[in-house]
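One structure is given below, encoded as structure tokens.
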Amino acid sequence: METRVVVNADVSRGKIDKHIYGHFAEHLGRCIYEGIWVGEDSPIPNTNGIRNDVVAALKELNIPNLRWPGGCFADEYHWKDGVGPRENRKRMINTHWGGVVENNHFGTHEFMMLCEMLETEPYINGNVGSGTVQEMSEWVEYMTFDGESPMANWRKENGQEKAWKLKYFGVGNENWGCGGNMRPEYYADLYRRFQTYVRNYGDNKIFKIAGGANVDDYNWTEVLMREAARFMDGLSLHYYVHPGGFFNKGDAVRFSEKEWELSMQKAYFTEELIEKHSTIMDKYDPEKRVAIIFDEWGAWYDVEPGTNPGFLYQQNTVRDSVIAGVTLNIFNNHNDRVRMANIAQMINVIQSMILTDEEKMILTPTYHVFKMYKVHQDAERVALDIDTKMLSVDGKEYPQVSASASKAADGTVNISLCNTDKDNEATIDFELRGMELLGNMTGEVITSEKMNDHNTFENPDKVKPVEFTGFDTKDNAVVVTLPPMSVVMLSVR
Ligand code: AHR
């Protein structure tokens, strides 16, 4: 047998924080405008301007938190332009993303309303790059102060009597790049200064997130941890899979077999990044108080032909479902340090859950993975050992099978398995210890015949989960056969 998996259902490895399954919505392309916000007068069915079909689909994912307003946009966003009567709101240029006019119709109140509809926690990213300490401080006061103050009074005038609850707040984004091109020493000092005025009002306690490294810039993590760890609760980390590299990313649909392999190998690189950044963090924070907040991840390809290059609109194939499955397994397996993550992005941008074409909407293969994996949210991770065949591309090896396992509150054990091989099945010698199988295993699979299969507005269900029956149970030993290029969830009750 090429792969052996042993799950010890009675050996806990700590909780898998539900916030690992977070999302990200930036003012970028058609993510906010059209994807979420259509306005009250739109013919697209909506509630107070937010489209109903998208909210209904997203609610199925149990989204734990939603990051907004960027990304790069965050460091040029001035929140005061986005509150008050919509017709009076200032129009600005979205310089990062297509140079289009941003009319500020979706601002703080609309974002908080969206979070309420999705029953998700807001994660707001403040502006360090082009903002001021006062602006950031007043935003927090506006949102969370319940007494009498200039900002709280203004919020009330704008229709929100009660202060909102806000836990997650990011102090800048990618400040090594679009967030100000800073050196880590400079940003560490700015972080310390800005975060001082991110106040806790009443019982609202903010979890402060410092802007983290670009991929493998380990020096950034070293400096931030050395200079500012005690002022932060989380440190972010961003990494995207680009099969052909940043400047020639490759097509989302029309890709080669080699690009498939590179995509898998690069998805696994997430694990090396987490381990190396964690090692540095351990030096300054052995108790692991400061979390890694992997608040941008996903597969980022060239835009769909004929679309605005600044809008980052791309299709999503079965390849993306496997990338998502592998990455989420890695996050689950590093639950001691990785306590939040946000896939980029929720709708119509990069590796999205949903694609829209005006009033039409489809779900992507990645959406189905998030739905399938929601059983891991806040579940108890259980010990899993895996021995699998190594595949390789350009001399770099990566495992054929990726796996993680957790136990839900009702005792169900869920095991997520991905086969990264696009040509061959993976036959797994699977053993469950610490629990009776009793023939109660069920499964679901996401796969397809061709590696570039995807959902379209004409054929929206080409890639979707179906029942998985590829296992043969005998006592507590099972032979599981994963189809090529697949994501499987096994559940034992
Ligand atoms: O997600 C798209 C962009 O990628 C974000 O705005 C930025 O933070 C990152 O570089």
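Testing Val401 on (1) over 24 Å from the mean Cα position of the chain (by Cα); (2) open to solvent by less than 20 Å² (accessible area, probe 1.4 Å), one condition comes back false. Which one is that?
(1)
Of all residues being in contact (Cβ under 8 Å) with a residue 60 or more places away in the chain and out of contact with any strand residue (DSSP E or B) (no Cβ under 8 Å at 6 or more places or on another chain) in the range 180-195, which is nearest to Asn94 (Cα to Cα)? Just the residue, please.
In this case the residue turns out to be Gly180.
Taking the criterion of being among the aromatic types (Phe, Trp, Tyr), closer than 20 Å to Gly49 by Cβ and not in a helix (DSSP H, G or I), would at least one residue in the range 98-108 satisfy it?
Yes, the range 98-108 contains at least one residue that is among the aromatic types (Phe, Trp, Tyr), closer than 20 Å to Gly49 by Cβ and not in a helix (DSSP H, G or I).
Before we move on, is Lys258 assigned to a helix (DSSP H, G or I), over 19 Å from the mean Cα position of the chain (by Cα) and at pLDDT 95 or above?
yes
Any idea which residue in the range 301-316 is nearest to the ligand (Cβ to nearest atom), counting only those that are closer than 30 Å to Lys276 by Cα and crowded, with 21+ Cβ neighbours inside 10 Å?
Within the range 301-316, the subset closer than 30 Å to Lys276 by Cα is 301-302, 312, 316.
After this cut, where a residue has to be crowded, with 21+ Cβ neighbours inside 10 Å as well, the list is 301, 312, 316.
On the way: Tyr301: 13, Leu312: 6, Asn316: 15 Å.
That would be Leu312.
Taking into account only those residues within the range 204-241 that are in a strand (DSSP E or B) and hydroxyl-bearing (Ser, Thr, Tyr), which is surrounded by the fewest Cβ atoms within 10 Å (Cβ to Cβ)? Walk me through how you get there before you give the answer.
Of all residues in the range 204-241, those in a strand (DSSP E or B) come to 207-214, 234-241.
Adding the requirement that they be hydroxyl-bearing (Ser, Thr, Tyr) leaves 236, 239-240.
Values: Ser236: 27, Tyr239: 20, Tyr240: 17.
Restricting to residues being in a strand (DSSP E or B) and hydroxyl-bearing (Ser, Thr, Tyr), the top hit is Tyr240.
Look at Ala267 and say whether it is over 17 Å from Arg337 (Cβ atoms), within 13 Å of the ligand (Cβ to nearest atom) and in contact with a strand residue (DSSP E or B) (Cβ under 6 Å, 6 or more places away or on another chain).
Judged against the criteria, Ala267 is not a match.
Among the listed residues Gly306, Gly244, identify the single one that is without any contact (Cβ under 8 Å) to a residue 24 or more places away in the chain and touching a helix residue (DSSP H, G or I) at 6+ places or on another chain (Cβ under 8 Å).
Gly244
One residue is enough: does the range 267-275 have a residue meeting the conditions crowded, with 20+ Cβ neighbours inside 10 Å, under 30 Å from Pro365 (Cα atoms) and among the polar types (S, T, N, Q)?
yes
Any residue at all in the range 377-384 that's loosely packed, with under 15 Cβ neighbours inside 10 Å, over 19 Å from Thr317 (Cβ atoms) and touching a helix residue (DSSP H, G or I) at 6+ places or on another chain (Cβ under 6 Å)?
no
Would you confirm whether or not the range 478-491 contains a residue that is of a type outside the set (A, V, I, L, M), farther than 20 Å from Met372 by Cα and touching a residue at least 40 places away in the same chain (Cβ under 8 Å)?
no
Just wondering, is there one or more residues in the range 277-294 that are of a type in the set (Phe, Trp, Tyr), under 22 Å from Val171 (Cα atoms), within 16 Å of the ligand (Cβ to nearest atom) and surrounded by fewer than 20 Cβ atoms within 10 Å (Cβ to Cβ)?
First pass over the range 277-294, keeping only residues of a type in the set (Phe, Trp, Tyr): 284, 294.
With under 22 Å from Val171 (Cα atoms) added as a condition, the list becomes 284, 294.
From what's left, within 16 Å of the ligand (Cβ to nearest atom): 294.
Now drop any that are not surrounded by fewer than 20 Cβ atoms within 10 Å (Cβ to Cβ), which leaves none.
For the range 277-294, residues of a type in the set (Phe, Trp, Tyr), under 22 Å from Val171 (Cα atoms), within 16 Å of the ligand (Cβ to nearest atom) and surrounded by fewer than 20 Cβ atoms within 10 Å (Cβ to Cβ): absent.
Just checking, does the range 211-224 include any residue being touching a Phe, Trp or Tyr at 6+ places or on another chain (Cβ under 6 Å) and at positive phi?
For the range 211-224, residues touching a Phe, Trp or Tyr at 6+ places or on another chain (Cβ under 6 Å) and at positive phi: present.
Arg91 is checked against (1) within 16 Å of the ligand (Cβ to nearest atom); (2) open to solvent by 10 Å² or more (accessible area, probe 1.4 Å); (3) not β-branched (Val, Ile, Thr) and fails just one. What number does that condition carry?
(1)
More than 14 Å from the ligand (Cβ to nearest atom), surrounded by fewer than 17 Cβ atoms within 10 Å (Cβ to Cβ), modelled with pLDDT of 95 or more and of a type in the set (Ser, Thr, Tyr): which single residue out of Tyr187, Tyr201, Tyr197 fits that description? Working first, answer last.
Values: Tyr187 fails: surrounded by fewer than 17 Cβ atoms within 10 Å (Cβ to Cβ); Tyr201 fails: surrounded by fewer than 17 Cβ atoms within 10 Å (Cβ to Cβ).
None of the other options fit; the residue is Tyr197.
Is it fair to say Ser392 is buried (at least 19 other Cβ atoms within 10 Å of the Cβ) and hydroxyl-bearing (Ser, Thr, Tyr)?
Considered against the rule, which asks whether it is buried (at least 19 other Cβ atoms within 10 Å of the Cβ) and hydroxyl-bearing (Ser, Thr, Tyr), Ser392 comes out as no.
Within the range 456-467, can one find any residue that is aromatic (Phe, Trp, Tyr), surrounded by fewer than 18 Cβ atoms within 10 Å (Cβ to Cβ) and not in a strand (DSSP E or B)?
Yes - at least one qualifying residue is present in the range 456-467.
Tally time: how many residues in the range 334-352 are aliphatic (A, V, I, L, M) and either away from the ligand (no atom under 16 Å from the Cβ) or closer than 19 Å to Leu384 by Cβ (or both)?
The number of residues fulfilling the criteria is 1.
May I ask you to list pairs of residues, at least six apart or on different chains, whose Cβ atoms are under 6 Å apart, with the first in the range 1-30 being under 15 Å from Leu312 (Cβ atoms) and the second being away from the ligand (no atom under 16 Å from the Cβ) and open to solvent by 30 Å² or more (accessible area, probe 1.4 Å)?
Listed pairs, sorted by first residue: none to list.
Of the residues that make up the range 411-427, is at least one farther than 30 Å from Glu358 by Cα and free of Cβ contacts under 8 Å to residues at least 40 places away in the same chain?
No, the conditions are met nowhere in the range 411-427.
Please work out which one of (1) over 24 Å from the mean Cα position of the chain (by Cα); (2) in contact (Cβ under 8 Å) with a residue 24 or more places away in the chain is the condition Gly177 fails and give its number.
The number of the failed condition is (1).
The values are calculated or read from the model by the stated rules, or taken from the named source; none is laboratory data. Fair warning: this is a prediction, and the values are worked out from it, not measured in the lab. Note: ideal-geometry Cβ built from the backbone for every residue, glycine included; neighbour counts use all protein chains shown. Side chains included, ligands, DNA and RNA excluded: accessible areas come from the protein's heavy atoms. Shrake-Rupley method; radii C 1.70, N 1.55, O 1.52, S 1.80 Å.
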